[in-house]
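A short write-up of the structure that comes next.
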Amino acid sequence: MNKYKKLLSNSLIFGIGNFGSKILILLMVPFYTFHMSTTSYGTADLITTTTNMLLPIATLSIHEATLRFVMDKEYENNIILSNSLFLGGMALTITLIFLLLIKIIFNVEYIGYMIGIVAVQAIQNILAQFTRGIGKVKIYAINGLLVSVFLVILNLLFIGEFNMNLYGYLLSIIISSFISIVFLIISSKEFFFCKYILDFQTTKRMLIFSFPLIPNSFMWWIINASSRYFILFFVGVSGNGIYAVATKIPTVLSIVQTIFFQAWQMSAIEEFNAEENKKFYTSVFDYFSKLMFIMTGVILVIVKPVIFTFLGDEYHIVWRYVSLLLLGVLFSSFSSFFGTTYIAAKKTKGVLVSSVLGGIVSVGINALFIPKIGIYGACFSMFLCFFIMWLYRVKDTKKFVDIHLYLKEIVLNCIFLLLNVSILYMSFSLVCEFFINLVILLVSILMNLLFIIKRKRENR
């Protein structure tokens, strides 16, 4: 199959699973805001954010190595799976014992739920990445949808029917992740008929690959989550609840990013050693960046009407923070695209260095601006750190693949987005504001189509 068609085919498969699952979760936001106070929702967000920080440590980020090595024809699937489960199991056991000791000694509230979430999601990640790596992308996509469906059902039951509030929210995560594990094991014969063999040379190589990704994941956690702790300290739990809801709206943009990257990561690895990899990488980024710019513009057009229609009154203020968060997600996606090059080249040290740079910028901006301008400081931090990280990776990855950037087109797209954002802060009526931003969006779409047509003519 043509490499472009394969990328598109995989994107469509992942899209079916991810779009449905992410939309389901997004549609639950009004339900959460109705049944949970800003304080409860803020606490829930802090707990899930903390468990996300623990996961790379609990698994040694071995699920990343699982995907990369199982796609390498040099290794046998059963050896990769055996080593992944061995390494992940050892690290998970140590992490859970540590958390249990904290529970016993300090009696920290909710830590029992955190133990459950870390345990099931650590196992789920390894099995899911192995399933994707061996080419069973349909099963992988169905699994993502299955998790979300059960999460929604359990939330409706535990929170809406039984009034379990925060406890119901956390219990839903544990049960839905456990169902995912059962599904992956049953649906893939690999797990039943695999001859589990440990190979310590492979173990060493996988650890060398995944070890830099542990602090890298921690840096990403710092970038995405440290702001919540600054907000908690300087603004309060209620402010964190507002910020948590504001970050949910750019989820629509994250859906596109997630769908694409699940397919792109596989294509990037497969085509890394091809003769025309520069042309392939450049072409894919060109189309991807244009799509992301347009999707960002679409969200900016509808953000106010959606918030005022579907969210409770105390959450109406979140539109003020969405624009910068959208720009943060936009440049995060660009950064991740170039980060995939490190994975394909098996040079994960570069991922770590660039993420540390982003983490330092994030913490510095949060500490400087959140005490002065509150939630706006967290939003600005997210945008700036991902923008700087992207610039670093653009330069650093040229030693692997020299991806060409059409800078004039990128700058013009940024200008259109800034126009959209400016309109939101002007004193227009909601209807007038909507139509002005819609016109700006349509002009930007036309501009990008003309660039694409021009490029095709030049390449004939």
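The values are calculated or read from the model by the stated rules, or taken from the named source; none is laboratory data. Nothing here was measured: the structure is a model prediction, and the numbers come from that model. All Cβ positions, glycine included, derive from the backbone under ideal geometry; neighbour counts span all protein chains shown. The area values use the complete protein model at the heavy-atom level, side chains included, leaving out ligands, DNA and RNA. Shrake-Rupley method; radii C 1.70, N 1.55, O 1.52, S 1.80 Å.
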P(r) over all Cα-Cα pairs of the stretch 201-250, 10 Å bins from 0 to the longest distance, whole percent per bin, short to long, reads 23, 32, 21, 15, 8, 0
Mean accessible surface per residue for the chain, computed with a 1.4 Å probe while every protein chain stays in place, in Å²
44
Kirkwood hydrodynamic radius for the stretch 180-313: how many Å is it when counted over pairs of different Cα atoms?
19.7
Beyond 14 Å, what percent of the Cα pairs of the stretch 405-460 remain?
61
If exposed means GluC sites (Glu not before Pro) lying in a DSSP loop and surrounded by at most 13 other beta carbons within 10 Å, then the longest stretch of the chain lacking such sites spans residues 277-460
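How big is the Rg/Rh ratio for the stretch 19-139, C-alpha atoms only, Rh by Kirkwood, two decimals? Before the final figure, lay out the partial values.
On the way: Rg = 17.3 Å, Rh = 16.3 Å.
Rg/Rh: 1.06.
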Provide, for q = 0.09, 0.10 Å⁻¹, the log10 of I(q)/I(0) from a solvent-free Debye sum over equal Cα point scatterers in the chain.
-0.61, -0.76
Can you work out the PRE-style zone for Arg320? Point 7 Å along Cα to Cβ, and I want the residues of the stretch 235-269 with backbone N under 20 Å.
235-250
Once the Cα gyration tensor of the stretch 317-460 is diagonalised, what are the square roots of 5 times its eigenvalues, in whole Å and ordered largest first, as equivalent ellipsoid semi-axes?
29, 26, 9
Would you kindly calculate the translational diffusion coefficient of the stretch 42-87, applying Stokes-Einstein with the Kirkwood radius from alpha carbon pairs, for 20 °C and a viscosity of 1.002 mPa s, and quote it in µm² s⁻¹ without decimals?
178
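If N is the number of residues in the stretch 62-117, what value comes out of its Cα radius of gyration divided by 2.2 N^0.38 Å?
Details: Rg = 15.8 Å, N = 56, 2.2 N^0.38 = 10.2 Å.
Normalised Cα radius of gyration, the stretch 62-117: 1.55.
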For the stretch 280-375, the percent of all C-alpha pairs falling in each 5 Å bin, from 0 up to the bin holding the max distance, is 2, 10, 15, 16, 16, 16, 12, 7, 4, 1
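Roll a 1.4 angstrom probe over the protein heavy atoms and tell me the percent of accessible area of the chain that is carbon or sulfur.
Details: 14250 of 20450 Å².
Result for the chain: 70 percent of the exposed heavy-atom area is carbon or sulfur.
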What per residue convex hull volume, in Å³, do the alpha-carbon atoms of the stretch 211-281 yield?
119
Would you mind computing Rg(Cα) / (2.2 N^0.38 Å) for the stretch 237-335, counting N as its residues?
1.33
No solvent, one uniform scatterer per C-alpha: report log10 I(q)/I(0) for the stretch 84-228 via the Debye equation at q = 0.16, 0.19 1/Å, two decimals.
-1.12, -1.38
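Normalised by the residues of the stretch 107-233, what does the relative contact order come to in percent, with Cα pairs under 8 Å and at least six apart? Write down the numbers at each step before the final one.
Details: 63 pairs, mean separation 34.4, N = 127.
For the stretch 107-233, the relative contact order is 27 percent.
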How would Met389, Met382 rank on accessible area, largest to smallest, probe 1.4 Å?
Met382, Met389
Cα centroid of the stretch 324-372 to Cα centroid of the stretch 396-460, whole Å:
22
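With viscosity set to 1.306 mPa s at 10 °C, what whole-number translational diffusion coefficient in µm²/s follows for the stretch 156-259 from Stokes-Einstein and a Kirkwood radius over Cα pairs? Display every interim value, and only then the final one.
Values: Rh = 18.3 Å.
D = 87 µm²/s.
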Averaged over all viewing directions, the convex hull of the alpha carbons in the stretch 330-377 casts a projected area in nm² of 3.6
Which lysines, if any, have their Cα less than 22 Å from the Cα of Lys279, not counting same-chain residues under 8 positions apart?
Lys3, Lys5, Lys6, Lys290, Lys346, Lys347, Lys395, Lys398, Lys399, Lys408, Lys454, Lys456
Sort Thr309, Thr50 by heavy-atom solvent-accessible area, probe 1.4 angstrom, most to least.
Thr309, Thr50
